[in-house]
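Colleague: To start, I am sharing the structure in question, which I have written as structure tokens.
The values are calculated or read from the model by the stated rules, or taken from the named source; none is laboratory data. It should be emphasised that the depicted structure is a prediction, and the values quoted were computed from it without experimental measurement. Using ideal geometry, Cβ is built from the backbone for each residue, glycine included, and neighbour counts are taken over all protein chains shown. Protein only, heavy atoms only, side chains kept; ligands, DNA and RNA dropped before computing areas. Shrake-Rupley method; radii C 1.70, N 1.55, O 1.52, S 1.80 Å.
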Amino acid sequence: MENPKIAIVLGATCAGCDYSLLDLPPEVLLDVLGKVEIVYWPTATDFKLEDLKAVPDGEIALTLYEGAVNNEENEELARISRQKSQNLLAFGACSCFGGLPGLANVTTREGLFRQAYLDAPSNESNGVTPLRVSTVDGHELTIPDTFDTVRALHQVVPVDYYLPGCPPPLDLIGEALTALVTGDLPPKGHVFGSSKSLCDECDRRKESKSIHELHGIHELIPDEEKCLLEQGILCLGPATRGGCGYPCVKMNLRCWGCMGPTPESIDQGANMLSALASVLGLDRETDLTDEAIEVLMKQVKDPLGFFYRFTMPTSLLKRAVRRNQ
Amino acid sequence: MEATQVAMKEFEPKIVGFFCKWCAYQGADLAGTSRMKYPLNVLPIRVMCTGRIDPTYVLTAFAEGADGVLIAGCHLGDCHYETGNYKALRRFALVRRLLEQYGIEPERIRLEWISSSEGSKFAKVVTEMTEEIKKLGPSPLKEVA
Ligand code: SF4
Ligand code: SF4
Ligand code: SF4
Ligand code: FES
């Protein structure tokens, strides 16, 4: 029997997902590599789009698409991936939910360009912005057009499997690849990860319910045994799918929610907002004036950026209203 | 000519109302049975308690085209689950800030305490809110693709 073909396709990605493939324990990586045929993986070797296009439709057993869909090229690759593959897996938080690049949905394409090339304090472009078409040594070069709204992969083409995380946890990658090579893929729609929330898996001590002050991680060194949220650190654990082994929390850092919403959730940010607002000021809730409530809630400086760090494009509202720029 | 007439037609806001079944919903009922006059722009949804209104309900309402959301329940101290309405107060203070970041005016979401005997307060709140949303115009989310 022929080895199953796999492809690794890059959308709007930082390539961190790629690196986690290379970080797989050697025994897993070598075992898998020996049992598959890689037909496309531009990060690893010099594959060209033509190589992917040349594969007969439906012949790739599994394509891992990493990154969000943010420009014409990403979309074209997403469509070709779908066409060529029996199974398409959204690889990483960007692909599953829109991820960090998805936060661009707070603005428009024009707003994004202005910020990136003109307004950002670190900018040194001196007003030079990229041209869609330019001529270099007599060759006409085009760059793909950026979209106004960033999308997750399943908002563009049907997706069979999801493997969240930023980057995806190694154990889960191993699980997915092993499932492929042993011919034991789970039912379509499966999300690699736990069916519990991160808090359900986290072993920190949870005791008091009410919190009053929120702290940035630069403001205190948290107790390593106690729940971070109860210490006033905005940990996204209550609204996040488990299965990553909570490496961040183990490092005494808060969870940012890269595994995405819990299984039944339709909006990770709304769940976290709800969880936080319930405990904030709880033990004196009947004494709080409207002003006191405002002060409590204003401690969350950037609700959207905090609650939807990885999921804005797949949130219920998907993007911010376009203001007249 | 026709186009001008369409443009002149007054905008009728769609407001989704989440009313607790113990107080506000009955207040709404009373306003209706007493034949009080108030605009019919509110689609009432009965919930057990304002403390049970998940932020996803409100976000869904806006995502599906609501121009405003009215949340109404028992007066503070009268909640049948003791402190559900206090919870709602804190929760929606934060929801308002979130909606602002999404570009939705905070005035589009309103919290009111209306008892089962306050039919006239219900009529007044609905009238006021409908007027206010008319001034604001349709939800800006409607322009989002
Ligand atoms: S999920 Fe994280 S690691 Fe993967 S492409 Fe997106 S930002 Fe990079
Ligand atoms: S909030 Fe964070 S620290 Fe607390 S239990 Fe949940 S995951 Fe652990
Ligand atoms: S603890 Fe949170 S942020 Fe860290 S890997 Fe897990 S889900 Fe991602
Ligand atoms: S029961 Fe009416 S607000 Fe709680």
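Colleague: Considering A:VAL159, A:VAL191, which residue is away from ligand 4 (no atom under 16 Å from the Cβ), open to solvent by 20 Å² or more (accessible area, probe 1.4 Å), β-branched (Val, Ile, Thr) and touching a helix residue (DSSP H, G or I) at 6+ places or on another chain (Cβ under 6 Å)?
Modeller: Just one listed residue meets the conditions, A:VAL159.
Colleague: For segment A:201-227, which positions are aliphatic (A, V, I, L, M) and open to solvent by less than 60 Å² (accessible area, probe 1.4 Å)?
Modeller: A:ILE211, A:LEU214, A:LEU220
Colleague: Taking the condition of being assigned to a helix (DSSP H, G or I), open to solvent by less than 50 Å² (accessible area, probe 1.4 Å) and within 12 Å of chain A (Cβ to nearest Cβ), how many residues in segment B:105-145 meet it?
Modeller: Total meeting the criteria: 4.
Colleague: If you check A:ALA93, A:ALA15, which single one turns out to be closer than 23 Å to A:GLY243 by Cβ and within 16 Å of ligand 3 (Cβ to nearest atom)?
Modeller: A:ALA93
Rundown of residues vs (1) more than 9 Å from chain B (Cβ to nearest Cβ); (2) charged (D, E, K, R); (3) crowded, with 19+ Cβ neighbours inside 10 Å, yes/no style:
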{"position": "A:LEU273", "(1), (2), (3)": "no, no, yes"}
{"position": "A:ALA277", "(1), (2), (3)": "no, no, yes"}
{"position": "A:LYS298", "(1), (2), (3)": "no, yes, no"}
{"position": "A:ARG319", "(1), (2), (3)": "no, yes, yes"}
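Colleague: Related question: Of the residues B:CYS79, B:CYS49, which single one is buried (at least 21 other Cβ atoms within 10 Å of the Cβ), more than 13 Å from chain A (Cβ to nearest Cβ), touching a residue at least 24 places away in the same chain (Cβ under 8 Å) and not aliphatic (A, V, I, L, M)?
Modeller: B:CYS49
Colleague: Here is a follow-up. Out of the helices (runs of 4 or more DSSP H) lying entirely within segment A:155-264, which hold 1 or more residues that are more than 14 Å from chain B (Cβ to nearest Cβ), modelled with pLDDT under 95 and away from ligand 2 (no atom under 16 Å from the Cβ)?
Modeller: In segment A:155-264, A:170-181 are the helices (runs of 4 or more DSSP H) which contain 1 or more residues that are more than 14 Å from chain B (Cβ to nearest Cβ), modelled with pLDDT under 95 and away from ligand 2 (no atom under 16 Å from the Cβ).
Colleague: Working carefully through the options B:TYR102, B:TYR86, find the one that is in contact with a helix residue (DSSP H, G or I) (Cβ under 6 Å, 6 or more places away or on another chain) and at the interface with chain A (Cβ under 8 Å from one of its Cβ atoms).
Modeller: The match here is B:TYR86.
Colleague: Which residue pairs have Cβ atoms under 8 Å apart, sit 6 or more places apart or on different chains, and have a first residue in segment A:1-24 that is within 14 Å of another protein chain (Cβ to nearest Cβ) and a second that is in a loop (DSSP other than H, G, I, E, B) and within 16 Å of ligand 2 (Cβ to nearest atom)?
Modeller: none
Colleague: Across segment B:46-67, what is the number of residues that are within 14 Å of ligand 4 (Cβ to nearest atom) and not charged (D, E, K, R)?
Modeller: Total meeting the criteria: 6.
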